[in-house]
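Below is one structure, written out as structure tokens; the observations come after it.
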Amino acid sequence: MFTIGEFARHGRVSVRMLRHYDAIGLLRPVSVDPATGHRGYEAAQLARLNRIVALKDLGFTLEQVRAMLAEDVGVAQVRAMLTLRRAELEQAVAAGLERLTQVEARLRTLEDEGLPIPGIVVKRLPATRLAELTGTAASFRPQDIGPVVRPLCAELGERLRGAPAITPAGRLTCFYEQLGENEVVVHAAIPASVTDGERNGLEIVDLPETEAATLVHRGAIDLVLPSWQALVRWLEATGRRSGGPQRELYLECPEDPARWITELQEPLR
């Protein structure tokens with residue numbers, strides 16, 4: 001069972017959106033604590049959430065989405081609708097193309113429904129000292145995270161060149177912390193050795209040693225959602241719990257984003 005905040009993070013939607021879907025009967029929690037009012041969700045509900053978001057992004061109203069879900073619209077039908085929508089979005093501005101990428105990510109999660117969970121590797125992550133920059137996003141939605149994390153990573157590289165006290169000792173790592181319903185702290189960081197001297201505005205943080213479930217994602221990071229949700233299904237299947245902010249370790253980042261290799265790390269309790 002996941003809290004509403006955890007389920008929002010795993011589904012890459014806002015807590016406010018989940019509360020609205022509950023209020024209109026579109027996606028109700030599995031349980032509600034009668035004493036506290038806290039909502040509980042299951043990983044199996046991600047399938048319905050993915051359909052809702054995909055259909056909504058195709059331009060349907062929530063009432064239309066409700067009717068279509070009642071008719072149990074399948075993946076093939078949603079894919080056909082997306083093909084038509086793609087023809088329209090290709091004539092739109094760059095923002096529309098970015099939105100299309102996220103629709104594709106949702107559709108991939110639909111296609112993964114019922115498939116075996118891919119190979120998850122549980123391993124120890126050593127304690128790590130990081131040099132980092134942080135920013136704030138409104139939610140875990142890709143359209144909120146992307147405009148924050150991309151410039152942060154670019155600025156991190158620029159500042160490292162002017163920070164003689166910091167020597168990079170590993171690969172770019174990004175991780176995310178939810179502080180409130182409308183505040184996600186985005187970290188762009190790199191393992192480093194640090195001495196006294198000029199740090200050029202970079203913060204130094206220490207991540208403790210931890211056990212983590214890991215999965216290698218191959219392809220554009222904009223399409224990472226199905227891989228993260230595979231880790232969520234593994235958590236529920238094994239009875240494990242998240243033990244800290246999810247991390248993305250960028251192993252290979254060639255010019256073509258489709259050839260990127262990223263290790264996804266889910267710290268465990």
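The values are calculated or read from the model by the stated rules, or taken from the named source; none is laboratory data. Worth saying up front: this structure is predicted, and the values here are computed from it rather than measured. With ideal geometry, Cβ positions are generated from the backbone for all residues, glycine too; neighbour counts draw on all protein chains shown. Only protein heavy atoms, including side chains, enter the accessible area calculation; ligands, DNA and RNA are left aside. Shrake-Rupley method; radii C 1.70, N 1.55, O 1.52, S 1.80 Å.
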Quick one: putting +1 on the C-beta of Lys and Arg, -1 on the C-beta of Asp and Glu, what dipole do you get for the chain around its Cα centre, in Debye to the nearest 20? 420
Computed E for Glu158/Leu84 - FRET, C-beta separation, R0 41 angstrom, nearest 0.05: 0.45
Between Leu69 and Met1, how high is the FRET efficiency from 1/(1 + (r/R0)^6) when r is the Cβ-Cβ distance and R₀ = 30 Å? Nearest 0.05. 0.85
Using the alpha carbons of the chain, what is the convex hull volume per residue in cubic angstrom, as a whole number? 142
Across region 2-73, what fraction of all alpha-carbon pairs, as a whole percent, falls in each successive 10 Å bin from zero upward? 20, 55, 23, 3
Given a 1.4 Å probe and every protein chain left where it sits, what share in percent of the accessible area of region 207-269 is carbon and sulfur? 50
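Give the relative contact order (percent, whole number) for the chain; include only Cα pairs under 8 Å separated by 6+ residues. Intermediate values should be presented prior to the final figure.
Working: 451 pairs, mean separation 51.2, N = 269.
In percent, rounded to a whole number, it is 19.
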So, how do all the Cα-to-Cα distances of region 120-267 break down into 5 Å bins, in percent, from 0 on up? 2, 9, 17, 22, 21, 17, 8, 3, 1, 0
Heavy atoms only, 1.4 Å probe, whole protein assembly: order Arg199, Arg12 by accessible area, highest first. Arg199, Arg12
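With the full set of protein chains in place, find how many percent of the accessible area of region 2-73 is carbon and sulfur; take the probe as 1.4 Å. Mind dumping the intermediate values first?
Numbers: 1710 of 3280 Å².
Of the solvent-accessible surface of region 2-73, carbon and sulfur hold 52 percent.
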Nearest 0.05, what FRET efficiency do Ile24 and Arg150 give at R0 = 25 Å with Cβ-Cβ as r? 0.15
Subtract the Cα-Cα distance of Ala220 and Asp33 from 0.36 nm times their separation in residues, and report this length gain in nm to one decimal. 63.4 nm
What accessible surface, in Å², does a 1.4 Å probe find on His20, ignoring ligands, DNA and RNA and rounding to the nearest 10? 90
